[in-house]
Every structure is written in structure tokens, then in C-alpha cells.
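The numbers here are math on the coordinates, done by the rules we state, and not lab data. Not measured: the values here are computed from a predicted model. When we count neighbours, we look across all protein chains shown, and the Cβ atoms used for this are built from the backbone with ideal geometry, even at glycine.
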Amino acid sequence: MLMLVVMLFFTVTGITLNHQDWFSDDQASELYETDLPEPLLRQLAVNGAQSGEEQSDAWIIAAPLIQWLRQEHGIRGQAINLDWDPEERFLVIDTKRPGGYSLAEFDLATGRLTLERKNAGTIAILNDLHKGRHSGAIWQAFIDFSALVMLLFTLTGFWLLLPQKKRRARLFGVCGLGTGLSLLLYWSAL
């Protein structure tokens, strides 16, 4: 039953990926500006004193900010990119998730946050999950596992038909026709 649901999911999202123009992407992004809380600024001052000017040191500064964003603003996402300018004391945390993103710009010199969030909707989430985009290692492993199980179903079905002499000729004919048609469609698309 699980594989039926998985196959239906990938079939439907395959159609929605091929026809993205059917679904409008008119979701506006939310823009939010605020001052950082004083306890967080004190913690950042301590972390900033421990860090240097390297990009890897940006993670020392960003860690409490990411935790604060998740707790206070509900920011989620597996793919996190940082851009740190030590001279300006400006940190950008770009968090991507299936179907959306969050972009947080921290001006640590003034203690100001500008947060932009976008959720592109249910279809965009499903399409990103179909592609494994910004979905994390567990979902990507699930996609790989599902593909292997579908391959196993296909090969065992083919293997079960091979010993049947009456159907073998038709089996090879249909397989050859399907392969030829797929190659023709592939080459015509290039």
C-alpha cells in the first residue's frame, strides 16, 4: 500500500512539474523588521569576541541567531547558507525549505533584523519534494529507496513473464516498442 501511495505521489507531482504554468505563483513574500532582543545581543557579543573574520567563524555567530529564528519566527529549513561581512558586522542567513525560503539580514552593529519569508504554496512544496530539493538527507534517502523498490517491482514483473512462452514474443514486442518510442521522444526533445 505504501508503494502505491508513493507511486501516485511521484506520478501526480510529475504532471504538476511538467505544467507549472497551471498553478499561479502569486504568493507574496512577507517582510518583517524588528530589533533583536537585548539578551541575544549580549550572547552575540560574547560569540563575536570568540570568532575571527573567517567565513567558518560566521557559524559561531549564526548559531544562536538560527535557534532564535526557529523559536521566535518559526523558520524551518534544511539548507542554510551564510554570508558574513565582519567589517560591516552584517550577517545574512538564507534558509531554504521545500516550497519556500526565509532570508534574514542581521545588522549586528545596530541590532536590527530584516526578515523576508515566502511560502509558494502546496503544489510548490510537493514539486520540491518530488525533486528532493531542500528536503534533507532523510527524504532524499526515501526517494532513493522508493526508486529501488519501483525498479525491483519492474524487473521482477519482467522476470515473471519471461518463462511464459505464449506471452514472450508479445512481451519483447511491447518492450521494444516502448523503448523505441521513449528514445524517439527523447531525441525529438533535444
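Measure out, as a whole number of angstrom, how far apart the alpha-carbon centroids of the stretch 120-151 and the stretch 71-102 sit.
Cα centroid of the stretch 120-151 versus Cα centroid of the stretch 71-102: 22 Å apart.
Rounded to the nearest 0.05, what FRET efficiency is calculated for M1 and S188 with R0 set to 45 Å and r the Cβ-Cβ distance?
0.75
At L126 and E38, where each label point lies 7 Å from the Cα along Cα→Cβ, what is the point-to-point distance in nanometres?
The answer from the label model is 5.0 nm.
Rounded to the nearest 20 debye, what is the charge dipole size of the stretch 1-160 about its Cα centre when +1 sits on each Lys and Arg Cβ and -1 on each Asp and Glu Cβ?
For the stretch 1-160, the charge dipole is close to 860 debye.
In what sequence do E87, E38, E72, E105 fall when counting other Cβ within 10 Å, fewest first?
Starting with the residue having the fewest Cβ neighbours, the order is E87, E38, E72, E105.
Give the span of the stretch 30-123's Cα atoms along each principal axis, as three whole-Å numbers ordered largest to smallest.
Principal extents (largest minus smallest coordinate, Cα): 44, 25, 20 Å.
Work out the charge dipole of the stretch 83-155 with +1 on the Cβ of Lys and Arg and -1 on the Cβ of Asp and Glu about the Cα centre, then indicate which of L103, W84, G121 is farthest towards its positive end.
G121
Can you give the angle from 0 to 90° between the axis of helix 165-189 and the longest principal axis of the chain, with both taken from C-alpha atoms, to the nearest 10?
Compared with the principal axis, the helix lies near 40 degrees.
Could you identify which residue out of Q67, Q20, Q164 has the top mean-square fluctuation in a GNM of the chain using Cα springs shorter than 10 Å?
Q164
Using Cα positions and a limit of under 29 Å, work out the lysines in reach of K131, with same-chain residues fewer than 8 apart set aside.
K96, K118
Sort R117, R42 by Cβ crowding within 10 Å, fewest neighbours at the top.
Starting with the residue having the fewest Cβ neighbours, the order is R42, R117.
What is the magnitude of the charge dipole of the stretch 72-158 about its Cα centre, with +1 placed on the Cβ of each Lys and Arg, -1 on the Cβ of each Asp and Glu, and no other charges, expressed in debye to the nearest 20?
That gives the stretch 72-158 a dipole magnitude of about 480 debye.
How large are Rg and Dmax for the chain when calculated on the C-alpha trace, in angstrom?
24.6, 80
Suppose a student asked you for the relative contact order of the stretch 1-122, using Cα pairs under 8 Å spaced at least 6 residues apart; what percent would you report?
26 percent
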